[in-house]
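Peer 1: Once you've had a glance at the structure underneath, I'll fire off some questions.
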Amino acid sequence: MTKKILTAGRREELLEILKARFEINMNRHKGVHWSKVEERLKRNTEKLLSLNEMEITGGEPDVVGFDKKTGEYIFYDCSEESPKGRRSFCYDRAALESRKENKPKNNVIDIASAMGIELLSEEQYRELQILGEFDLTTSSWVKTPPDIRKLGGALFCDRRYDKVFTYHNGAESYYAARGFRGSLKI
């Protein structure tokens, strides 16, 4: 992550951004109350750091659910398009190392790990698309099953023609319009 600590001012600023987004998009988190989310965020500075990373890379994180089994609030990147600060990366370190020329600067698995977030699965990506229309002109890498990755591939998704599509590419590929979306449980 680019920052190890958040100043008190940035913490307050981030909480205000998250609260405003939460209030504007109530359809994403029916039955969830901001006061409870905020209380949890204030007690989890490490998770707040991760949300800050999601925010500064263009992810526009928002609460999308509450896991009754674990008691955790679930945040997803809810930017209309794949986060601008997380595009043009190949899938994982093995893919990055396999490129001989024109290597991207990094890979999505390492970036997500450094941010303290998880890459959305295909199922989570489809859940996100129920809450709105995302990736109408971009696409997002999603967690790839080991059997596909073992063969050199990786999966990505987008929304076109009012439908959500899942595709495959070589894991070493990267494009200016492809990034990744993450999730975080708090």
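The values are calculated or read from the model by the stated rules, or taken from the named source; none is laboratory data. All of these numbers come straight from a predicted model, not from anything done at the bench. Note that each Cβ is placed from the backbone with ideal geometry, even for glycine, and that neighbours are counted across all protein chains shown. Surface areas here come from the heavy atoms of the whole protein model, side chains and all, with no ligands, DNA or RNA. Shrake-Rupley method; radii C 1.70, N 1.55, O 1.52, S 1.80 Å.
Peer 1: Write out, first by first residue and then by second, each pair whose Cβ atoms fall under 7 Å of each other, whose residues are 6+ apart or on separate chains, and whose first residue, in the stretch 73-91, is over 17 Å from Met115 (Cα atoms) while the second is among the polar types (S, T, N, Q) and open to solvent by less than 10 Å² (accessible area, probe 1.4 Å).
Peer 2: Glu81/Thr138
Peer 1: If I filter the stretch 52-64 for residues that are within 25 Å of Ile24 (Cβ to Cβ), in contact with a His (Cβ under 9 Å, 6 or more places away or on another chain) and in contact (Cβ under 8 Å) with a residue 60 or more places away in the chain, do I get at least one hit?
Peer 2: There is at least one residue in the stretch 52-64 that is within 25 Å of Ile24 (Cβ to Cβ), in contact with a His (Cβ under 9 Å, 6 or more places away or on another chain) and in contact (Cβ under 8 Å) with a residue 60 or more places away in the chain.
Peer 1: Within the stretch 152-186, which residues are charged (D, E, K, R) and not in a strand (DSSP E or B)?
Peer 2: Hits for the stretch 152-186 are Asp162, Glu172, Arg181.
Peer 1: If I ask for residues that are of a type in the set (S, T, N, Q) and under 19 Å from Pro83 (Cα atoms), which ones from the stretch 19-70 would you list?
Peer 2: Residues satisfying the conditions are Asn25, Ser50, Asn52, Thr57.
Peer 1: Okay, next question. Of the residues that make up the stretch 64-77, is at least one under 18 Å from the mean Cα position of the chain (by Cα) and among the polar types (S, T, N, Q)?
Peer 2: no
Peer 1: Cβ-Cβ distance below 7 Å, separation of 6 or more or different chains: which pairs start in the stretch 146-165 with a residue that is within 17 Å of Glu127 (Cβ to Cβ) and end on one that is surrounded by fewer than 15 Cβ atoms within 10 Å (Cβ to Cβ) and of a type in the set (A, V, I, L, M, F, W, C)?
Peer 2: Leu155/Ile148; Cys157/Phe165; Asp158/Phe165; Arg159/Leu136
Peer 1: To continue, here is another question. Going through the stretch 1-25 one residue at a time, which ones are open to solvent by 90 Å² or more (accessible area, probe 1.4 Å) and either touching a Cys at 6+ places or on another chain (Cβ under 8 Å) or hydrophobic (A, V, I, L, M, F, W, C) (or both)?
Peer 2: Scanning the stretch 1-25 gives Ile5, Ile24.
Peer 1: Which condition does Ile111 not pass, out of (1) more than 17 Å from Cys78 (Cα to Cα); (2) β-branched (Val, Ile, Thr); (3) in contact with a Ser or Thr (Cβ under 8 Å, 6 or more places away or on another chain), if it passes all the others?
Peer 2: All conditions pass for Ile111, except number (3).
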